[in-house]
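Nothing in this text is a laboratory measurement; each read-out follows from the coordinates by a stated rule. In this text, all values refer to a predicted model and were calculated from it rather than measured experimentally. Quick reminder, even Gly has a Cβ in these numbers, built from the backbone with ideal geometry, and neighbours come from all protein chains shown.
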Amino acid sequence: MTPVRLGLRANAAQFSLLVAVNAFVGAMVGLERSVLPLVGEQEFGLTSTSAILAFVLAFGIAKALTNLVSGSLAEHVGRKRLLVVGWLIVLPVPVLIGVAPSWGFVIAANVLLGVNQGLCWSMTVIMKIDLVGPTRRGLALGLNEAAGYLGVAAAAFASGALAATYAPRSVIWVSAAAIAGAGLILSALVVRDTGAHVALEQEAHSSTSRDVPHTLRTAFAHASFRDPVLRACSQAGLVNNLNDALAWGLAPLYLAAHGATVRQIAVVAAAYPLVWGAGQLATGWASDHLGRKPFITTGMLVQAAALGLLVAGSGAFSTSLLAAVLLGAGTAMVYPTLIAAVSDASQPRDRARVVSVYRFWRDAGFALGAVIAGLAADLASPATAIVVVGVLTGASGLVVAMTRWRTSVLPPDPVPASAA
């Protein structure tokens, strides 16, 4: 039996496999980025922005709640089993979207998609953290999130490009069926569980263990309110996905209202996660060496500036594309760094629960963003909605800037050098 070791190089094969799986996870949600809001408007005759964004609201609530319980479930059921269950749950999504006689079916499909993302993305994140140990955590999360959001970008561009020739709903459901099947096969047949890696890392920390959360209830209070760094990370994650919900659900409608073609919308919709995904290859690694706080603060302020530019450009394609690039760059600075910061502040045995609480707050941002963007757009204008979200994003960055930071609750190098 192969001995259990921590480290990126020691677990390169499984780590690479999980990177590939997460690319499929990202592609599932990327299929909707370019065209689904337009389907609601054009095929189902929806005129209310709030009604259209109901699919984002449903997705956000389902994903957030699934994230919240995923950590505890992982401890009792196992990481791999939850990963497989996540893929099984998403199998009906292509059918629901393909045959949907009403927008309600699309919303129901996005509830299942949210559960899928909450289980599958959470497990790929946690399993990679388990494999690499503490010293390469930022790099590992950068690679994970890069794979996921490059999958989002590729699927967003491809679905938008194909929707210019084929029926948009057909593009979504056919592609979703193929991606879900591939993800399920890889997860069920090739991925291995990482519980033994957690036990090994925790053993190295046994002499320095401190009183940290052991149950979901205490983990929720600890990560949401009691710990200043975790509290700052949770609010930043929430606001980050609040503006992502706006980019997902409102931006295509905003551009279409200003005369953009489906192909132009696809380019803008893909540019944002493309820069986001690729940028994380550098930012996750850099945060290991330069610290988490500077990247989180700067990234939130860059996102706020990008949203301001989107409004200032009044929907012009070139300005919107530049805004999408800036939004992606800011998010790349924030996304892997936040999860790494949360992991830094957690004991190995409690990591899954604490990360799941953070991911709950982060993905609750989808639901809150759908509500804020929808109501502001319906009551005032889409531009007003974008400005409101931009102000909230800038304020979130300032909250992080004012938070007293620590690098870790753990020893700097608790794993023997031979294991890394």
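Summary of computed values
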read-out: Net charge, residue 365 excluded, C-beta distance under 13 Å - Lys, Arg +1, Asp, Glu -1; value: +1
read-out: Extension reserve of the residue 91-residue 278 stretch, reckoned as 0.36 nm per residue once the Cα distance is removed; value: 64.5 nm
read-out: Descending semi-axes in Å of region 1-142, equivalent ellipsoid built from Cα gyration tensor; value: 34, 14, 13
read-out: Highest average packing first - 39-45, 138-144, Cβ atoms within 10 Å; value: 138-144, 39-45
read-out: Approximate spin-label separation residue 77-residue 379, in nm, with each point projected 7 Å along Cα-to-Cβ; value: 3.9 nm
read-out: Filtered trypsin sites (Lys or Arg not before Pro), region 222-270: DSSP coil and at most 11 other beta carbons within 10 Å; value: none
read-out: Degrees between helix 351-379 axis and first principal axis of the chain (Cα, 0 to 90, nearest 10); value: 20 degrees
read-out: Residue-count net charge about residue 340 - beta-carbon cut-off 9 Å; Lys, Arg +1, Asp, Glu -1; value: 0
read-out: Candidate lysines for bridging to residue 293, where Cα separation is under 28 Å - those fewer than 8 sequence places away on the same chain excluded; value: 63, 128
read-out: With Cα atoms, 0 to 90° folded angle of helix 195-205 axis to the chain main axis; value: 50 degrees
read-out: Rg/Rh (Cα only; Kirkwood hydrodynamic radius) as it applies to the chain; value: 0.96
read-out: FRET efficiency, residue 312 to residue 401 (Cβ-Cβ, R0 22 Å, nearest 0.05); value: 0.35
read-out: Relative contact order of region 77-121, defined on C-alpha pairs under 8 angstrom at six or more residues apart (%); value: 52 percent
read-out: Cα long-axis angle, helix 54-77 against the chain (0 to 90 degrees, to the nearest 10); value: 20 degrees
read-out: Spatially proximal aspartates and glutamates relative to residue 80 (Cα-Cα < 17 Å; intrachain offsets below 8 disregarded); value: 130, 193
